[in-house]
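Read-outs: derived from the displayed coordinates by stated rules, not from any lab. Just so it is clear, the structure is predicted and the values come from calculations on it, not from any experiment. Neighbour counts run over all protein chains shown; Cβ positions are idealised from the backbone, glycine included.
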Amino acid sequence: MIGLGLSIARRRGRGVAVMPAPSLALDFIANPSIPPGFTFSRATGATYFDVTPLMQQVGIDVARFEHDPANGAARGLFMESARTNVITDSDAPEKWAPYGIRVSTDATRASDGKTLARKITEDTSSGVHALSQPHSITATNATYSLWFRLKAAERSIAQVMLTDSGSVDNCCANFDLIACKVETTYKGIGAWRLSAASCIPMANGWAECRISGYVTNATTLRANLYAMQADQLEHKYQGDGVSGFYFGGAQMEPGLSSSYIPTTTAAVPRYSDFLSTSDLSWLNPTVGTLLIDGAFNGVLGGGMFAFSLDDGTNNGIGIYKALGTGNVNAYSSSTTGTPLGVVLADGQRFRSAITWNNAGASASASINGRAALPIVGANPVTPTELCIGSARNHQFSSNVCARSLTYWPERIADADLTALTVVT
């Protein structure tokens with residue numbers, strides 16, 4: 001498959017031992033491509049940020065190698081689960097319901113460097129200055145997310161709100177577009193509870209202002225965007241007819257926030273990313289060590305696999321994030337995962353490794369330089385495939401940026417496993 005001709009030194013006691021060269025070494029930072037023998041699939045197009053950093057779109061079955069939208073730093077292979085942007089005309093707020101505002105364009109470009117951004121300008125009325133779009137849906141005990149890409153002009157404070165049809169039950173947050181931070185959060189009224197709020201810095205003064213909320217019961221979801229005066233918390237104020245900010249896209253979706261899915265007159269889905277191989281010629285069937293370096297996106301969402309070496313039906317050997325938390329677990333054909341003692345924040349980089357012998361019947365794992373822990377309930381495994389960002393023949397999908405994945409055909413001592421997982 002793929003190997004490196006270099007050995008890697010590791011500390012053992014007071015000396016330095018030498019590990020054999022890995023028989024599988026995937027580096028998605030240095031070599032952003034799908035490796036030979038692996039199959040990548042996604043049944044729709046998708047967006048990502050390149051090194052410039054501008055948002056780009058790719059077609060069906062084209063992998064994305066993500067970069068930081070603020071500075072262009074490489075983040076690795078970008079894998080996401082399926083989502084749908086239920087907002088229509090996501091780049092065209094002039095087609096939304098306006099309240100005390102007007103929409104115009106000038107030479108300002110959105111985050112793709114091509115689309116004309118819209119200028120949202122308040123009128124001279126005394127009242128709210130906002131945009132709104134409803135979406136009819138039956139939602140019971142569900143999480144929804146809403147974000148806007150915004151850029152400060154004369155106004156620098158914006159409020160993002162998830163609400164019912166009448167904007168009574170709601171949750172929301174205020175954002176400082178210049179400082180690119182969450183200014184104020186409101187925990188929620190009625191059926192809504194705010195789950196999270198974050199402000200993602202982007203190049204050229206843009207910010208992605210995100211909220212996620214949990215709704216107990218709703219038949220209509222409404223996406224609201226308010227212009228706010230910096231020194232007031234009220235929606236209603238006397239507009240001056242010239243002040244506003246820029247709008248560069250919007251997304252409302254079930255679950256936590258994901259990459260942009262542009263829409264026109266209808267909601268648009270993006271399908272899951274999958275990467276796997278059944279060519280295990282690099283694998284010693286009885287012994288080994290696998291190390292992954294990456295970051296989970298949307299850690300409060302569902303369970304997510306970093307990788308899985310399995311038989312396509314049952315759990316094999318791997319690392320995953322627990323359902324609804326940032327807790328990382330390891331398993332080796334065990335009925336339940338072994339917590340590794342780290343709770344990751346959204347987008348936080350991690351390095352985690354699992355090492356085993358006796359075909360996985362004995363195994364231990366480590367994360368971020370912590371002491372290695374034995375895998376409880378480990379059992380023998382007969383793997384037939386390796387999946388990155390999924391498991392069991394695409395039965396699952398994850399939101400993860402994978403920087404690298406490395407396999408050595410030996411069981412590494414626990415002390416060396418700890419050293420191997422230090423994030424540098």
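Structure notes:
- For the chain, the calculated P(r) over all alpha carbon pairs, in 20 Å bins from 0 to the bin holding the longest distance, is 26, 49, 22, 3 percent.
- Computed over the chain, the per-residue total of -39500 (n - 2.57) for DSSP H runs of n ≥ 4 gives a 222 nm mean residue ellipticity of -500 deg cm²/dmol, rounded to 500.
- Annotation for the stretch 167-270: chymotrypsin sites (Phe, Trp or Tyr not before Pro) lying in DSSP loop with at most 16 further Cβ atoms inside 10 Å of their Cβ do not exist.
- Magnitude of the charge dipole for the chain, about its Cα centre and with charges confined to Cβ atoms of Lys, Arg (+1) and Asp, Glu (-1), is about 660 debye.
- With the simple spin-label model, which puts each label point 7 Å out from Cα in the Cβ direction, the S281 to T335 separation comes to 4.0 nm.
- The stretch 86-130: trypsin sites (Lys or Arg not before Pro) in DSSP coil with no more than 16 other Cβ atoms inside 10 Å: K114
- Size of charge dipole - the stretch 217-370 - debye, nearest 20, with Cβ of Lys, Arg +1 and Asp, Glu -1, no other charges: 200 debye
- Label-to-label distance, N314 versus T124, with points set 7 angstrom from Cα along the beta-carbon direction: 7.6 nm.
- Spin-label model distance (nm) - N204 vs T138, 7 Å beyond Cα toward Cβ: 4.4 nm
- Computed FRET value (nearest 0.05) for A322 with A371, which takes r as the C-beta separation and R₀ as 22 Å: 0.65
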